[in-house]
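Taking it in order: structure first as structure tokens, then the write-up.
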Amino acid sequence: MNVCRAKHRNCGFRKCRIFAVETDTGKTLLPPELPDKQDCDVLIVGGGPAGSSAAFWLASNGYKVVLAEKKVFPREKTCGDGLTPRAIRQLEDMGIKDSLSSFHKYFGLRTRAFGKELTLDWPKVPGLPEYGYVVTRYDLDALVLENAKAAGAEIRQGCEAIGVKTDNDGVRADLRDKLSETSFTLRAKYLLIADGANSRLGRSLGVTRDRKLPFALAIRGYYTSVRSHDPYIESQLDIYSPDGTLLPGYGWIFPLGDGRVNVGIGLVSTMAKWKEVNTTHLLETFVSQTPDSWGLCEKNRLSEPTGGKLPMGMSNAPLTGHRYLVAGDAAGLINPFNGEGISYAYESGRLAASVLSKAVRYEKPEALAEYRELLDIHYGSYYKVARLFLQLMGKPNLLRVLVSTGMNSKTVMSVLLKIMANLMTDDDIGIAETIVKTAEKLTESVSG
């Protein structure tokens, strides 16, 4: 939730002390000098949202950071491309506000289900904008990575982490520069793993997904559309399998403002026989059923659709280890309510930077344990509700009742938008607590 229970509420993540990289009365506390046996304070593996965010916050506060990214940016990345107010806030805090102005701005969500349509503006939330942007990851990730470089981070693109070892002195990483086809070793005090949902490096250090928790299946493609400049993103809440079964998930159309739209579907694994779903065929069916005004059809598809599995709701563990932290999709931090991962990647990268700065400044590796506590403070109760919600959504009859009931009231759907996009304020805590209790009772009744 957009609430800080550690020091104060409704912090908007700007004044919140737990987000602060070590400073003293507004002046940066310079980190200790690096010993000869170390090359940097923090090695970050992965140049996506979490890695670039952490690199920016550490480097801009005087810490020696090396970021290794196996790809060369810009590069394609499967994503819905929609940036919510939470994501925009983090980007603006990193000084990227002006750079976003050239991309497509939108002001809320148009949602459709069971023949009904509602248009919902983003809610007014203290400290957050009332708009979002749609930006391809091809453009966005390169922009944020370059911003981290400008802040002082050393960026090594085309550089893959082959393996790492940790000991009491720090981290020893074996890296391979794919451009020069050379290998080398880099030594750091600490490591941040931010290499995405598949996180090969995380798995090598024992990070695993809790298989009892749900995950998402998502696929998207780019299409041309006459409504590419639409001021609202659009979602379809009633998605059906070929045999007519209502599926737990949604379809989306996100306008890019350049003649293209991002079209996709997302499903969750709580449904029966989810392994039998062919997402490519499901996307084709969804495209054929979109409103004619979008002008979508297979002949307007610009490239082959891409997709994959997404870990959600802090389903990965451990997220802290000896000399390392895990952030972003590698930590399974995607929002189970709506499948958004970018906001939580930026935020967890920033949180990781705050903890790592403390560990470096005071030479206390044990400070890393605070990271999991901070994640629980910011996301724990919210993700608990979300996981219960997904269990309910896996029951088609209940899903039909809940969605159709919500579509009869703009007020109800506006509240749900606030909850599902994690835009609740201090005044909404009572609503969240009510949802927890209601979700638990519904789960019990349906299971019984």
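The values are calculated or read from the model by the stated rules, or taken from the named source; none is laboratory data. All of these numbers come straight from a predicted model, not from anything done at the bench. Every residue, glycine among them, receives a Cβ derived from its backbone with ideal geometry; neighbour counts consider all protein chains shown.
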For segment 303-354, what are the residues that are basic (Lys, Arg) and farther than 23 Å from PRO214 by Cβ?
ARG323, ARG350
So for segment 343-361 (the condition being modelled with pLDDT of 95 or more, crowded, with 17+ Cβ neighbours inside 10 Å and under 30 Å from LYS273 (Cβ atoms)), does at least one residue qualify?
yes
Scan segment 379-389 and give yes if some residue there is at pLDDT below 85, farther than 30 Å from VAL42 by Cα and not hydrophobic (A, V, I, L, M, F, W, C), otherwise no.
no
Where residues in segment 258-298 are at pLDDT 95 or above and surrounded by fewer than 13 Cβ atoms within 10 Å (Cβ to Cβ), which of them is farthest from TYR240 (Cα to Cα)?
SER293
Number of the exception - GLU363 against (1) more than 17 Å from ALA331 (Cβ to Cβ); (2) assigned to a helix (DSSP H, G or I):
(2)
If a residue has to be within 19 Å of the chain's Cα centre (by Cα) and closer than 15 Å to TYR138 by Cβ to count, how many in segment 257-266 make the cut?
1
Being out of contact with any Pro (no Cβ under 7 Å at 6 or more places or on another chain) and of a type in the set (Gly, Ala, Ser) is the filter; apply it to segment 207-224 and report the residue that is nearest to VAL134 (Cα to Cα).
ALA218
Identify the single condition in (1) part of a loop (DSSP other than H, G, I, E, B); (2) surrounded by fewer than 20 Cβ atoms within 10 Å (Cβ to Cβ) that ASP230 does not satisfy, given that it satisfies every other one.
(2)
Collect the residues in segment 409-441 that are of a type in the set (Val, Ile, Thr), over 25 Å from the mean Cα position of the chain (by Cα) and at pLDDT 70 or above, keeping them in residue-number order.
THR411, VAL412
Scan segment 63-95 residue by residue and report those that are in contact (Cβ under 8 Å) with a residue 40 or more places away in the chain and surrounded by fewer than 18 Cβ atoms within 10 Å (Cβ to Cβ).
LYS71, VAL72, PRO74, ARG75, GLU76, LYS77, THR78, GLY95
Those residues of segment 171-217 that are among the small types (Gly, Ala, Ser), crowded, with 22+ Cβ neighbours inside 10 Å and more than 18 Å from the chain's Cα centre (by Cα) come to a total of 2
Looking only at segment 248-256, decide whether some residue is of a type outside the set (Ser, Thr, Tyr), modelled with pLDDT under 95 and within 26 Å of TYR131 (Cα to Cα).
yes
In segment 164-199, what count of residues is obtained for those that are in a strand (DSSP E or B) and either on the phi < 0 side of the Ramachandran plot or touching a Cys at 6+ places or on another chain (Cβ under 6 Å) (or both)?
23
Restrict the check to segment 27-48 and report whether at least one residue is surrounded by 17 or more Cβ atoms within 10 Å (Cβ to Cβ), at pLDDT 95 or above, among the acidic types (Asp, Glu) and under 30 Å from GLU234 (Cβ atoms).
no
Cβ pairs under 6 Å, 6+ apart or interchain, first in segment 105-122 and farther than 16 Å from LEU416 by Cα, second acidic (Asp, Glu) and assigned to a strand (DSSP E or B), ordered by first then second residue, are PHE107/ASP121
With criteria (1) within 27 Å of ASN147 (Cβ to Cβ); (2) of a type in the set (Ser, Thr, Tyr); (3) touching a residue at least 60 places away in the same chain (Cβ under 8 Å), SER303 comes up short on (1)
Answer yes if at least one residue in segment 234-243 is among the hydroxyl-bearing types (Ser, Thr, Tyr), outside any strand (DSSP E or B) and either touching a Pro at 6+ places or on another chain (Cβ under 6 Å) or closer than 17 Å to THR84 by Cα (or both), and no otherwise.
no
Counting just the residues of segment 331-341 that are more than 16 Å from SER199 (Cα to Cα) and not polar (S, T, N, Q), which one comes out surrounded by the fewest Cβ atoms within 10 Å (Cβ to Cβ)?
PHE337
For segment 267-280, indicate whether the set of residues that are over 21 Å from the mean Cα position of the chain (by Cα) and within 30 Å of HIS322 (Cβ to Cβ) is non-empty.
no
LEU375 meets each of (1) surrounded by fewer than 20 Cβ atoms within 10 Å (Cβ to Cβ); (2) out of contact with any Pro (no Cβ under 9 Å at 6 or more places or on another chain); (3) assigned to a helix (DSSP H, G or I) with one exception, condition (1)
